[in-house]
Amino acid sequence: MLKEIKEILRANELPTHDFIFNLCDSASSVLESEITDYRAENELGKPGSLLDFQKSPLPLVVVPDIHSRPFFIEKILDYELPSDFFCEKENSCTVFDAIAGGKCRVVCVGDALHTEVDTRERWIAAEIEFANNIYTGPAISAEMKDGLAVLGALMKLKTLFPSYVHFLKGNHENILNRTSDGDYAFVKFADEGRMVREFITEYYGEDVLYLISCIENILPLIAVSKNCVVSHAEPRFGFRKDQLVNARSDAGVVEALTWTDNDAAHKGSVVEIIEELCSLPIGKERDKALSDYVYLGGHRPVKENYKLRQNGKFIQIHNPHRQNIALVRPFRKFNPDTDIVSVCDFK
């Protein structure tokens with residue numbers, strides 16, 4: 001299984017229509033049926049937007065924004081987890097072996113597509129191609145080879161290990177490049193959102209574009225474990241649990257969990273969500289219990305391994321120049337200085 005996933009990640013060519021179509025179809029079916037003990041049904045009868053792992057003893061591997069980095073995914077799967085990561089005495093093993101053995105969960109904070117490091121010139125070259133009505137030229141094809149390698153590997157992992165691999169919606173999960181329902185058309189180095197949509201339509205067809213949008217529309221938005229909450233962005237507001245479960249019915253909730261800029265969140269929004277989702281004791285023990293919780297997210301990049309916001313309760317972990325993951329153990333408080341680790345050696 002790992003060999004197959006690595007072949008997807010290392011592909012030198014774009015995947016065929018049938019290959020990407022079948023992966024999308026399988027992943028969509030898995031996500032559409034994911035009404036489980038950890039993912040409650042929403043008011044529309046679909047899997048809700050909240051993943052609740054508080055009854056599970058399994059640790060979490062939290063992955064920040066991916067942005068079309070297939071080598072990052074491969075390094076994560078090969079990363080050897082320490083033996084003290086697990087609740088019960090276990091030998092050290094790789095992330096892949098841990099999820100295959102049901103020993104941990106991986107939660108990605110979103111943003112599968114759109115490279116953002118050392119590819120500015122490629123995006124500009126692709127924009128020139130598009131200006132000349134070339135929608136599948138070499139620059140955008142190289143970009144999409146990386147992006148679809150990531151998307152393909154993630155979909156394969158979800159179909160293989162649906163209970164142990166999870167991907168939250170980020171602001172880049174908007175293949176239709178729409179501005180509605182909490183999403184906004186994306187522009188950074190170039191007109192990336194429009195260009196990706198037009199490439200998919202031209203190269204693969206409307207059927208693949210539609211299937212990718214179906215996957216995005218059923219992705220969860222927030223996850224909670226015994227001592228940690230995770231979403232793509234810092235929550236702009238505090239929300240009730242039912243609002244989080246039914247987030248796809250409220251554009252304001254979607255936007256607030258995927259698009260919040262630095263210093264734009266309401267004061268105390270993180271604590272409000274933790275208190276709403278987590279069973280905290282009443283009385284003197286409440287403050288102690290609350291202090292053991294953290295809220296992890298990505299979205300806005302940081303220069304070091306992390307940045308603290310909201311009095312240290314919200315921890316940003318997305319450094320696009322590093323290959324970091326966060327190891328969240330349910331039996332002790334998360335320490336960003338020791339529990340944010342690199343899956344790749346840096347000189």
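One table, with the values for the structure above:
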item: Highest-MSF residue in the chain out of F331, F86, F186 [GNM, Cα springs under 10 Å]; result: F331
item: q = 0.11, 0.21 Å⁻¹, segment 18-141: log10 I(q)/I(0) [Debye, one scatterer per Cα]; result: -0.60, -1.27
item: Additional length obtainable on full extension of the chain from E202 to D337, 0.36 nm per residue less Cα span; result: 44.0 nm
item: Pairwise FRET efficiency - E304 versus N132, Cβ, R0 = 35 Å, nearest 0.05; result: 0.25
item: Pairwise FRET efficiency - E80 versus E7, Cβ, R0 = 35 Å, nearest 0.05; result: 0.95
item: Out-of-range pairs (alpha-carbon distance over 21 Å; input K288/K333; K226/K313; K241/K284); result: K241/K284
item: Cα centroid separation - segment 157-194 against segment 233-280, whole Å; result: 18 Å
item: Dipole of the chain, positive end: most advanced residue of I5, H299, S29 [Cβ charges, Cα centre]; result: H299
item: Helix-only [θ]222 nm of the chain, DSSP H runs n ≥ 4, -39500 (n - 2.57) each, per residue, nearest 500; result: -11000 deg cm²/dmol
item: DSSP bridge orientation in the chain - percent antiparallel, rounded to nearest 5; result: 50 percent
item: Inter-label distance, nm, simple model (7 Å from Cα along the C-beta direction), S249/E43; result: 0.3 nm
item: Reciprocal mean inverse distance between Cα atoms of segment 216-305 - Kirkwood radius, Å; result: 13.8 Å
item: Rel. contact order, % - alpha carbon contacts under 8 angstrom, at least six apart, the chain; result: 21 percent
item: Degrees, to the nearest 10: 120-131 long Cα axis against longest axis of the chain; result: 50 degrees
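We did not get these values from a lab; they are worked out from the coordinates using the rules stated. Worth saying up front: this structure is predicted, and the values here are computed from it rather than measured. Cβ atoms come from the backbone with ideal geometry, glycine included; neighbour counts cover every protein chain shown.
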